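Read through the structure below, which is laid out as structure tokens, and then see the notes.
Each reported figure results from applying straightforward, stated rules to the coordinates on display, with no laboratory input. Treat the numbers as computed from the prediction; the structure is a model and nothing was measured. Note: ideal-geometry Cβ built from the backbone for every residue, glycine included; neighbour counts use all protein chains shown.
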Amino acid sequence: MEWWSLAGWRAVTEIPVASAARLWQLSGDDGNCADQEGFEPQRNQVRGASTPRDCPQDFCLEEIGHPFSRLDQDVHGKGSFETAVSLMVSRSLVLGFHGCDQSLAYAVASGNQELGLSQNAYDWLGHGIYFWEDSPARALRWAQDESRRRSGKVRAPALLGAVIDLGNCLNLIDVEALALVKAAYEAYREICRVSGTQEARNRGPDLRARYLDCAVIETLHKLRAENNLPAFDTVRGFFVEGTELYPGAGLRELDHIQICVRSPRQVTGYFLPRNL
């Protein structure tokens, strides 16, 4: 049976309740940051930013490995009850754009500094380095908005481009990848139930503070690691954001595709785009 199979999640209930109570504290946020005016969940992406909040998954997995380690580790095989969900393995090169301060853009492009991983508990696609795919204007707009924030980390808005090899990509535009995430949520929910821990919730306008999504995606990554399955190098997702383009429209002014690079080696190189 596949480790991600919904039937396979019965192994979760084998965790002793006393141990499960120590597993996760996934609802430990203060519940207020997402409701603050102008809240922007990507402001602590880069090295040098203020210390991000601890990710709830940092408290877990010391005791979760044993129940899941008994599950079938071949994600490409066929289980007794379900057909395997195939991995989206991509070798596509894409262009990503990262909004930041001018000094950081110059330092990274020149090879003197690296972008740090975002490790906030509300990261949209889990932990990693964030880029807007094929949207330099959207990345620059984020930097400009951040520069107007009183507590923002950007003083001189700038744009950093990157050539990204998606590698083994959890492509959330693919229905098969979405099935993996849905199954991971079932595991996360069951662990919260047996441990007596409240589930995380997405919060704020446009659900900008994605505590639940981050918890579920990080759960998927950790369970794959525990079962010696291939790690995802990147996560890619489409997001609906902003106001309607026109009354009744299904499109929004800030719709975009984001890429979360979990393995920095997938960034082939950085560059400074021309001024927009």
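Applying the criteria of a DSSP loop state and at most 13 other Cβ atoms within 10 Å to the GluC sites (Glu not before Pro) of the range 193-276 yields 253. Karplus-based coupling profile of the range 121-126, in residue order and whole Hz: 6, 10, 4, 4, 10, x, with θ = phi - 60° in 6.51 cos²θ - 1.76 cosθ + 1.60 and x standing for Gly or Pro.
Taking the fewest neighbouring Cβ atoms within 10 Å as the starting point, the ordered list for 93, 170 is 93, 170.
Rank the residues 260, 192, 100 as a footprinting-exposure proxy: fewest other Cβ atoms within 10 Å of their Cβ go first.
Fewest-to-most Cβ neighbours within 10 Å comes out as 192, 260, 100.
Model label points for residue 244 and residue 189, set 7 angstrom from Cα along the Cα-to-Cβ axis, are 3.1 nm apart.
At a 10 Å Cβ-Cβ cut-off, how would you order 189, 224, fewest neighbours first?
Numbers: 189 14, 224 21.
Ascending number of Cβ neighbours within 10 Å: 189, 224.
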